[in-house]
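Nothing in this text is a laboratory measurement; each read-out follows from the coordinates by a stated rule. Every value quoted in this text rests on a predicted model; they were computed, and no experiment measured them. Ideal geometry is used to build each Cβ from the backbone, glycine not excepted, and the neighbour counts take in all protein chains shown.
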Amino acid sequence: MPKKDLEPNEDLHEEYYQVSPVILESFPKFRLPLDTFVFREQVAQLIPLTQAGQRISAEQRQIILDKCAQGLVFVARKDHPVYAEHISKQLDLVLVDSSLKSSEIALIFQQGLTDRLNAFFEQPVASVFLTLQTDLLVLTEYLWQDPYRIKNLRKNIWKEHSLANHGVNSLFMGLALYLRLNDGDLRRKHLDEVSMGLLVHDLGMSKIPPFIRAKTQPLSRDELEKIREHCWIGGKTLHSLEVRSDLILKQALEHHERLDGKGYPQKLPGKEISMVGQLCAVVDSYCAMITDRPYAEALSSGSALNALSQSPGYNDKMVRAMMGMMMG
Ligand SMILES: [Fe+2]
Ligand SMILES: [Fe+2]
């Protein structure tokens, strides 16, 4: 029989992932978290190999690794949640796993980065920031290889509001807009820094008492003042973590500034607001409007964009680009 007839066919890839050796080696050594299957060439079928949680010996492990190196080990796509959970803890695996579909990769980035951002908001220290940065670089590498991949990412938007969900939503929507506006003139360093700025623009909010953030009633003057400090707090915290990039810091500092000079914290006139500050403002407001918040219900994407286009506070070119993007 010619060799190609022995290879797993397309249908099989619909229901199973072929596991690469790098991924298999990243699983816990003697107890795999999901069922595995081996492709038996003689019968051209998948046969169960090990069960989830079953203890395997060193010899069995070696056999599995050998089979895997030959491209014969599979896991069921129905186990995607377990698989995704595993990969989301080690995001760089996404770049070596050619069997994942782009919609599956998008979910893994969404979950992985949200977990990492949550950890950073809870503990904004250098080591946690570094982990977040390392994982974000996996995403920017993924997009650098093919910017059109952002299309799938921006379909994965959290519907419920939380600080970390909002950061990741802003990252995906913001990158989609940024890539659209900078089509053909993309610089890797800028892409990395704009991404980080979008992701952590509300870092300062993690220092605002949760009871103020969760309030459903109108805020008192003092509470409003407190909330408005989050831009400074975010900028200062990032600075203390040795972040010196203007593209990152300005997003934290300027995302509530408005072109008509009516924003905060500095009431900057429009011409003094950086382009990334303006980009982050559009994206931040859009992402806030399309999720349920403690004080307001979610708007549809169209209504949110309409509201932005009618406000004198936002960059019109960016709002229109966002409209084109959502329609395209
Ligand atoms: Fe904010
Ligand atoms: Fe925000």
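For the range 283-310 versus the range 29-59, the spacing of their alpha-carbon centroids is 48 Å. When only alpha carbons are used to place a centre, the range 190-248 and the range 92-148 end up 21 Å from one another.
Taking amide H atoms as placed 1.01 Å from N in the peptide plane, the amide H of GLU257 lies under 5 Å from those of TYR264, each 5 or more residues away in sequence or on another chain.
Let me have the 222 nm mean residue ellipticity of the chain computed from DSSP H runs of 4+ only, each contributing -39500 (n - 2.57), with the sum over all residues rounded to the nearest 500. Walk me through the numbers on the way to the answer.
Values: 17 runs with 183 residues, N = 328.
After summing the helix terms and dividing by the residues of the chain, the value is -17000 deg cm²/dmol.
Once the Cα-Cα distance is subtracted from the 0.36 nm per residue extended length, the LYS317 to ARG188 segment shows a gain of 44.1 nm.
Here's the list of lysines a cross-link from LYS207 could span, going by alpha-carbon distance under 21 Å and ignoring same-chain residues fewer than 8 apart: LYS215, LYS226, LYS236, LYS250.
Of the trypsin sites (Lys or Arg not before Pro) found in the range 206-251, those that fall in a DSSP loop while having at most 10 other beta-carbon atoms within 10 Å are ARG244.
Per residue, how big is the convex hull of the range 43-144 when only Cα atoms are used? Give it in Å³. Display every interim value, and only then the final one.
Details: hull volume 14.8 nm³, N = 102.
For the range 43-144, the hull spanned by Cα atoms encloses 145 Å³ per residue.
Taking the longest Cα principal axis of the chain as reference, the axis of helix 275-289 is set at about 80 degrees.
The convex hull built on the alpha-carbon positions of the range 159-327 has an orientation-averaged projected area of 9.6 nm². Between 0 and 90 degrees, the angle of helix 126-145 with respect to the longest Cα principal axis of the chain falls at about 70 degrees. Charge tally for GLU225 (other residues, Cβ to Cβ under 15 Å; Lys, Arg +1; Asp, Glu -1): +4.
If you bin all the Cα-Cα distances of the range 276-328 at 10 Å, starting from zero, the percentages per bin are 26, 57, 17, 0. Taking one equal scatterer on every alpha-carbon of the range 3-79, how large is log10 of I(q)/I(0) by Debye at q = 0.11, 0.19, 0.25 1/Å? Taking Cα atoms of the range 3-79 as identical point scatterers yields -0.25, -0.75, -1.27. Counting only alpha carbon atoms, the long axis of helix 163-181 and the longest principal axis of the chain meet at about 90°.
Note on the range 124-249: Cα convex hull, mean projected area over all directions, 8.5 nm². Peptides 103-110, 288-295 ranked from most to least packed by the mean count of surrounding Cβ atoms within 10 Å: 103-110, 288-295.
Please report the projected area of the range 205-295's Cα convex hull averaged over all directions, in nm². If you can, show how the numbers build up before the last one.
On the way: hull surface 24.7 nm².
One quarter of the hull surface, i.e. the mean projection, equals 6.2 nm².
Counting only Cα atoms, the size of the chain along its three principal axes is 73, 38, 36 Å, in decreasing order.
Taken over the range 146-194, the convex hull of the Cα atoms encloses 69 Å³ per residue. Under 17 Å of direct C-alpha separation, and excluding same-chain neighbours fewer than eight residues apart, LYS67 reaches these lysines: LYS3, LYS29.
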